[in-house]
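Have a look at the structure below before the remarks.
The values are calculated or read from the model by the stated rules, or taken from the named source; none is laboratory data. Computed from a predicted model, the values in this text were never measured in an experiment. All Cβ positions, even for glycine, are placed from backbone atoms using ideal geometry, and neighbour counts span all protein chains on display.
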Amino acid sequence: MKPNFDEMSRSELKAYVLSHRDDDEAIRVFFGRRNPPDSKATWYGPMCTPEGVPIEENIRIAEEAIKQRVEIDREKQQQREKAQEDRLRQKLEREIEQKLRAKIELEVEAKLQENLEKEIEDLISVIAQFLASTTSLPSRLAGPIALFAIEKGIEDFGDF
């Protein structure tokens, strides 16, 4: 008479299976406890009769299920690849934007510096012309004096 496997603890069942290795029912119960059947699993009928004759309907059903599963897996893989591609694209866009922003800022700064230098040159020229026309300073000295006054920030330079 076989013991009642449902009443045995896991360790008792393990000991029984180890001592009765040819008891298929005990082995099924032991492994069934550890790995309960998947409640979402779909069970299909046998692919052949006990005599070895193929059961065409069961084979067709199994093939269709496999095709559906492959299609679902393919779609999931495509979604994962698209998500990864989107993340990479966003990362590249951020990196490119940062590099371009730095480059544009340098170009704008250089252009502003160039414009400022041109405006300063024009201002010095105007001040030098003013000094040369309103004083007895020679025109070759008026430029350096105007530059000196601008560098020193003399505000009332033109008030004489």
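Going by the conditions given, is PRO54 at pLDDT below 90 and not hydrophobic (A, V, I, L, M, F, W, C)? Against the criterion (at pLDDT below 90 and not hydrophobic (A, V, I, L, M, F, W, C)), PRO54 does not qualify. Looking across ARG74, ARG89, ARG101, one residue alone is modelled with pLDDT of 95 or more, over 30 Å from ALA41 (Cβ atoms), surrounded by 10 or more Cβ atoms within 10 Å (Cβ to Cβ) and under 40 Å from the mean Cα position of the chain (by Cα). It is ARG89.
Against the criterion of being surrounded by 11 or more Cβ atoms within 10 Å (Cβ to Cβ), modelled with pLDDT under 80 and not assigned by TED's automatic domain parsing to the domain that holds CYS48, PHE157 qualifies. Condition test on GLU151, is it surrounded by fewer than 10 Cβ atoms within 10 Å (Cβ to Cβ) and either in contact (Cβ under 8 Å) with a residue 24 or more places away in the chain or part of a helix (DSSP H, G or I) (or both)? It is true that GLU151 is surrounded by fewer than 10 Cβ atoms within 10 Å (Cβ to Cβ) and either in contact (Cβ under 8 Å) with a residue 24 or more places away in the chain or part of a helix (DSSP H, G or I) (or both). Set side by side, the residues LEU147, LEU116, LEU112 differ, and just one is within 37 Å of the chain's Cα centre (by Cα) and over 28 Å from LYS40 (Cα atoms), which is LEU112.
Just give me the residues in segment 9-30 being part of a helix (DSSP H, G or I) and among the hydroxyl-bearing types (Ser, Thr, Tyr), in sequence order. Residues satisfying the conditions are SER11, TYR16, SER19.
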